[in-house]
Amino acid sequence: MRLTVGFLLNPVAGMGGAVGLKGTDGAVAEAIRRGAVPRSADRAVQALSLLRDDDIAWCTCAAPMGEDALASAGIGRFSALYRPCNPTAAADTKAACRTFLDAGVDLVVFCGGDGTARDVLDVVGREVPVLGIPAGVKMYSAVFAVNPAAAADLIRRAGEVPCRDSEVMDVDEEAYRSGRLAARLYGYACVPFIPERTQGGKQVFEQQDEERAKDDIAAFIGEVMLPETLYIVGAGSTTARILELLGLPATLLGVDAVRNGEVVARDADEQTLLALLDEYPRAKIVASPIGAQGFVLGRGNQQISPGVLRKAGLRNLIVVATPGKLAATPLLYVDSGDPALDREVGDSLQVISGYRIAQRRRVVHPE
C-alpha cells in the first residue's frame with residue numbers, strides 16, 4: 001500500500017546551538033543577532049533526498065515550512081495543504097498537523113527539536129505514528145531518528161516495522177540557558193522503531209557510585225592535561241567535574257575552554273572556539289555522551305561544530321563517561337551535521353570511565 005506522509009519543518013529549529021544559546025524557543029531574534037544561520041532545512045534535505053525515488057504521497061506546508069525542502073531534495077510531486085504565517089510559529093505546526101490528519105496521512109514527519117515534538121504531539125497524539133528528523137539543539141525526546149539518513153530509512157519502512165511508545169520531553173529552555181536542566185515527561189508518541197536508527201530518551205544518573213566515578217575520571221584527566229594546550233570541554237556533569245577539580249568554574253550545559261589551568265572562554269559559541277583554535281592550534285576536545293542516547297556529538301553541544309572538530313582534529317577527541325552511564329548506553333553515535341566527518345570517527349571510540357580505566361564502545365553510523 002502506498003504510504004502517505006505529512007511533512008513539516010520548523011525553519012528556526014537548532015539555530016541557537018552553534019551560537020551558544022542552548023535552544024531557540026523564544027530566542028530567535030537573539031540567535032540571528034549572534035550570527036546564527038538556519039540549519040533545519042539542510043537536515044531535512046539530507047533525509048528527503050534519499051527518498052526522492054520512493055513511491056510516497058507527500059503532504060506538506062507551503063514555502064519554508066516544507067515545500068522548499070522537498071523541492072530541494074528532488075521530490076517534485078507533493079501537495080502543499082497548509083500555508084503558514086511569516087514568520088512561522090507553534091500555531092502553524094499544530095494547524096499543519098490537523099490538516100495532515102484530515103487528509104488521512106499514515107505518518108507525520110517533522111524536522112525540528114523538542115519544542116516541535118511537543119507541538120506535534122498536542123495535535124496528533126497517538127492517532128498516527130510520528131517521527132522527528134533531528135534538527136534542534138538538545139533533542140532529549142525519544143521520537144527522533146538518530147540522524148537524517150536513519151530518518152529516511154524509518155520513513156521508507158514505516159508500516160512494516162513495529163512502533164513503540166516514545167517519550168516526548170518538556171525542557172525548560174530558560175532554565176537550560178542558565179545552566180539548570182529542568183525536564184519533565186510531556187507525553188508519549190507512537191514512533192516507528194528500528195534498533196540503532198531510532199533515538200532513545202535521555203537518562204540522568206545521580207547515584208553515589210556515579211559521583212565517585214566522576215571524581216576518578218576528573219582526577220585522571222587533570223593528571224594528563226598537557227601544558228600550552230587548549231582544552232575544549234563539552235557539556236555535562238562528568239566534564240564539569242573536571243573543571244571543578246581544577247578549581248575552575250564550569251558551564252554545566254555549555255562549552256568552556258581552558259589552557260594552562262585558566263579559563264580562556266566560558267560558555268563559548270562556535271565562532272569563539274574557532275578563533276581560539278586559530279590562536280592555540282594545539283588542542284583537545286573533551287566530550288561526554290548523553291546518557292542512554294549515546295550521542296557524543298550533535299546533541300546539546302553544536303558549538304563543537306564540524307569546523308571546530310576539523311581544526312582540532314578528530315584524533316584529539318577525548319570521550320569520558322561513568323560506568324553507570326556506559327552500562328545504559330551500549331552504542332555511541334555522532335551526528336555533527338557533516339556525515340563524511342562523522343564516518344571519519346570510525347567504528348569505535350575509547351571512553352575513559354575511571355582513573356586510568358577505559359572501555360571501548362561501538363560507534364554506529366546509520367546510512
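The values are calculated or read from the model by the stated rules, or taken from the named source; none is laboratory data. Just so it is clear, the structure is predicted and the values come from calculations on it, not from any experiment. Quick reminder, even Gly has a Cβ in these numbers, built from the backbone with ideal geometry, and neighbours come from all protein chains shown. Keep in mind that these areas ignore ligands, DNA and RNA; they rest on the heavy atoms of the full protein, side chains included. Shrake-Rupley method; radii C 1.70, N 1.55, O 1.52, S 1.80 Å.
Each row is one residue, and each column tells you yes or no for (1) at pLDDT 95 or above; (2) part of a helix (DSSP H, G or I); (3) closer than 27 Å to PRO323 by Cα; (4) under 24 Å from the mean Cα position of the chain (by Cα).
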| position | (1), (2), (3), (4) |
| --- | --- |
| LYS202 | no, no, yes, yes |
| ASP209 | no, yes, yes, no |
| ALA219 | yes, yes, yes, no |
| ILE232 | yes, no, yes, yes |
| ARG241 | yes, yes, yes, yes |
| LEU253 | no, no, yes, yes |
| VAL263 | yes, no, no, no |
| GLY300 | no, no, yes, yes |
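One residue stands out in region 314-336 among those that are over 20 Å from LEU277 (Cα atoms) and among the small types (Gly, Ala, Ser): the one that is least open to solvent (accessible area, probe 1.4 Å), namely ALA321. Taken as a whole, the structure places MET169 among residues that are within 19 Å of the chain's Cα centre (by Cα) and open to solvent by 10 Å² or more (accessible area, probe 1.4 Å). GLU174 passes every criterion in (1) among the charged types (D, E, K, R); (2) assigned to a helix (DSSP H, G or I); (3) modelled with pLDDT of 95 or more; (4) farther than 21 Å from ARG39 by Cβ apart from (3). When TYR140 is tested against the conditions (1) part of a loop (DSSP other than H, G, I, E, B); (2) within 27 Å of SER353 (Cβ to Cβ); (3) modelled with pLDDT of 95 or more, the lone failure is (3). Contact map, region 212-226: residues that are surrounded by fewer than 17 Cβ atoms within 10 Å (Cβ to Cβ) paired with residues that are part of a loop (DSSP other than H, G, I, E, B), Cβ distance under 7 Å, separation 6+ or inter-chain. Pairs shown: ALA219/TYR355; GLY222/LEU246.
Scanning region 231-257 for residues that are closer than 23 Å to GLU279 by Cα, open to solvent by less than 10 Å² (accessible area, probe 1.4 Å), without any contact (Cβ under 8 Å) to a residue 60 or more places away in the chain and aliphatic (A, V, I, L, M) gives VAL233, LEU243, ALA257.
For region 86-107, does any single residue satisfy the condition of being open to solvent by less than 50 Å² (accessible area, probe 1.4 Å), in a loop (DSSP other than H, G, I, E, B) and within 20 Å of VAL146 (Cα to Cα)? The answer is no, given that none of the residues of region 86-107 is open to solvent by less than 50 Å² (accessible area, probe 1.4 Å), in a loop (DSSP other than H, G, I, E, B) and within 20 Å of VAL146 (Cα to Cα).
Scanning region 49-78 for residues that are in contact with a Gly (Cβ under 6 Å, 6 or more places away or on another chain) and open to solvent by 70 Å² or more (accessible area, probe 1.4 Å) gives a single hit, ARG52. Summed over region 127-137, residues that are open to solvent by 10 Å² or more (accessible area, probe 1.4 Å) and not hydrophobic (A, V, I, L, M, F, W, C) total 2. If the condition is being touching a strand residue (DSSP E or B) at 6+ places or on another chain (Cβ under 8 Å), of a type in the set (Asp, Glu) and more than 20 Å from ASP54 (Cβ to Cβ), then region 105-158 contributes only ASP114.
Just so you know, in region 44-72 the residues that are without any contact (Cβ under 8 Å) to a residue 24 or more places away in the chain and in a loop (DSSP other than H, G, I, E, B) include one that is nearest to ALA89 (Cα to Cα), and it is ALA62.
Of the residues examined, LEU297 is one that is under 27 Å from ALA44 (Cβ atoms) and in contact (Cβ under 8 Å) with a residue 24 or more places away in the chain. Considering each residue of region 269-280 in turn, none proves to be under 22 Å from TYR355 (Cα atoms), assigned to a helix (DSSP H, G or I) and either open to solvent by less than 40 Å² (accessible area, probe 1.4 Å) or in contact with a Pro (Cβ under 6 Å, 6 or more places away or on another chain) (or both).
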